[in-house]
Amino acid sequence: MSNVPKLRFKADDGSEFAEWEQRKFGEVFDRITTKNKENNQNVLTISAQQGLVNQEDYFKKSVAAQDVTGYYLLHKDDFAYNKSYSKGYPLGAIKRLTRYEKGVVSTLYICFRAKNCVTAFAEQFFESGGLNREIHKIAQEGARNHGLLNMSVVEFFKDIELALPRRKEQQKIAAFLTAVDTKIEQLTHKEVLLKQYKKGMMQKIFSQEIRFKANDGSEFPEWEEKRLADVLHEHKSRSKGSEEVFSVSVHKGLVNQVEHLGRSFAASDTSNYNLVKPNDIVYTKSPTGDFPYGIIKQSRVDKDVLVSPLYGVFTPESVGLGYMLHVYFESEINTHNYLHSIIQKGAKNTINITNTTFTSKSLKLPTSRDEQNKIGKLLSTIDTKIDQIAHQLDDAKTFKKGLLQQMFV
């Protein structure tokens, strides 16, 4: 295997850096075995996306022992390896402590700090998966003893071979990738703020703290309590024979079933499937994640598609009202409050509700279609901006992933 990555920096004088050298893990990192002596400590856990984070913040509760004296004590810039599967990290994740000055972790973790390596470079090296190949060898041995990495195997951890550049090149790599990380963090923060803004706007609109005016400056009529049956029409259209089958996702709305799930789960005969027209409202009637009574989405697809015959499909009074309901029911609380009193749970957690029952409850809604469309357009504009930021964020993450593949051996 070559000790020269595909993408490299040059020294300040324009010369080539030396070939990367083989080093043992124990030469580059010191194992941390210092035990915590206080019980009122910041107990940490590893999140694949967020790194080392406070356990109660992450799980919304503590899953640590009542007495955490004896846990490993970490200080800022120390690393922890959790040795267990998490999404994107089948052999466990290695994360650096950056959020807090110190914290404690379970002794099931392997903890260490850089001694002959730039800490920021080490963080990028671990993110690149540069350690996975060697850990996999150890994991295979550990698996034979009924554990991914049992304590007898941990002792071999220090002998893992690493290919590393000299310090100057480490610094250049770390500085460049840290700048990319900063861009990703900025986009992530911007996405969070936009989502918070949208949530706040939705609440103010539905509480009528914010009202729109007609184009001539006049006031729109007062909102009224309306049954969904008064503003949603069940057209009961069926397949015409050429439409694609779609699923309904919490985060993506209506999405092609093959693209979303990897394959089609539709019946061979879809003639009785429900036709969904652009801007229709679809109610899934099946528990999904934080939505135990199903999800309600407006189709943003620009063509007719099909969904399961078990779903309810309705055309809203206006496109704007459809989007208002789409955003309103993005909230787990709003969806629960609307559905829980009219749902009957059957065997195996199935949901028993007719389309008539679904539309039987009321919400306070604008009566003017012009106001409905103004509100829908505002909310749609915010969502478009969120989508743009999300695409930029995905592009930045893909760019970073490509860099990691090319900048490490």
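Side notes on the structure shown:
- Residue in the stretch 237-252 that is closer than 20 Å to Ile333 by Cα and in contact with a His (Cβ under 8 Å, 6 or more places away or on another chain) present: yes
- One residue from Asn279, Asn256 being farther than 17 Å from Glu234 by Cα and modelled with pLDDT of 90 or more: Asn256
- Of all residues in the stretch 268-287, those that are in contact with a strand residue (DSSP E or B) (Cβ under 8 Å, 6 or more places away or on another chain) and either surrounded by fewer than 16 Cβ atoms within 10 Å (Cβ to Cβ) or in a loop (DSSP other than H, G, I, E, B) (or both) total 11.
- Among the residues examined, Ile205 does not qualify as out of contact with any Cys (no Cβ under 7 Å at 6 or more places or on another chain), among the aliphatic types (A, V, I, L, M), at negative phi and assigned by TED's automatic domain parsing to the domain that holds Ala122.
- Residue match in the stretch 102-110 (condition: surrounded by fewer than 18 Cβ atoms within 10 Å (Cβ to Cβ), within 28 Å of Thr182 (Cβ to Cβ) and of a type in the set (Val, Ile, Thr)): no
- Residues satisfying the stated conditions in the stretch 209-231, i.e. in a loop (DSSP other than H, G, I, E, B), over 19 Å from Ser318 (Cα atoms) and touching a Lys or Arg at 6+ places or on another chain (Cβ under 8 Å): Ile210
- Residue within the stretch 47-66 that is within 22 Å of Leu403 (Cα to Cα), in contact with a Gly (Cβ under 9 Å, 6 or more places away or on another chain) and not aliphatic (A, V, I, L, M) present: yes
- Verdict on Ser237 being polar (S, T, N, Q) and touching a residue at least 24 places away in the same chain (Cβ under 8 Å): yes
- Phe220 being touching a strand residue (DSSP E or B) at 6+ places or on another chain (Cβ under 9 Å) and either farther than 19 Å from Lys400 by Cβ or of a type in the set (Lys, Arg) (or both): yes
- Every residue from the stretch 110-143 that is modelled with pLDDT under 75 and either under 25 Å from the mean Cα position of the chain (by Cα) or not β-branched (Val, Ile, Thr) (or both): Gly130, Asn132, Arg133, Glu134, His136, Lys137, Ala139, Gln140, Glu141, Gly142, Ala143
- Residue within the stretch 271-291 that is assigned by TED's automatic domain parsing to the domain that holds Gly312, among the charged types (D, E, K, R) and in contact with a Phe, Trp or Tyr (Cβ under 8 Å, 6 or more places away or on another chain) present: yes
- With respect to (1) out of contact with any strand residue (DSSP E or B) (no Cβ under 9 Å at 6 or more places or on another chain); (2) surrounded by 16 or more Cβ atoms within 10 Å (Cβ to Cβ); (3) hydrophobic (A, V, I, L, M, F, W, C), the lone exception for Phe25 is condition (1).
- The residues of the stretch 11-53 that are touching an Asp or Glu at 6+ places or on another chain (Cβ under 8 Å) and among the charged types (D, E, K, R), listed by number, are Arg23, Lys24.
- Hits in the stretch 196-227 - residues which are β-branched (Val, Ile, Thr) and at pLDDT 95 or above: Ile205
- Single residue of the stretch 351-384 satisfying the filter (without any contact (Cβ under 8 Å) to a residue 24 or more places away in the chain and in the same structural domain as Pro309 (by TED's automatic domain parsing)) that is nearest to Tyr328 (Cα to Cα): Thr357
- Taken as a whole, the stretch 182-201 holds no residue that is more than 30 Å from Ala396 (Cα to Cα) and surrounded by 17 or more Cβ atoms within 10 Å (Cβ to Cβ).
The values are calculated or read from the model by the stated rules, or taken from the named source; none is laboratory data. Predicted model only: the values in this text are computed from it and were never measured. Positions of Cβ are generated from backbone atoms using ideal geometry, with glycine treated the same way; all protein chains shown enter the neighbour counts.
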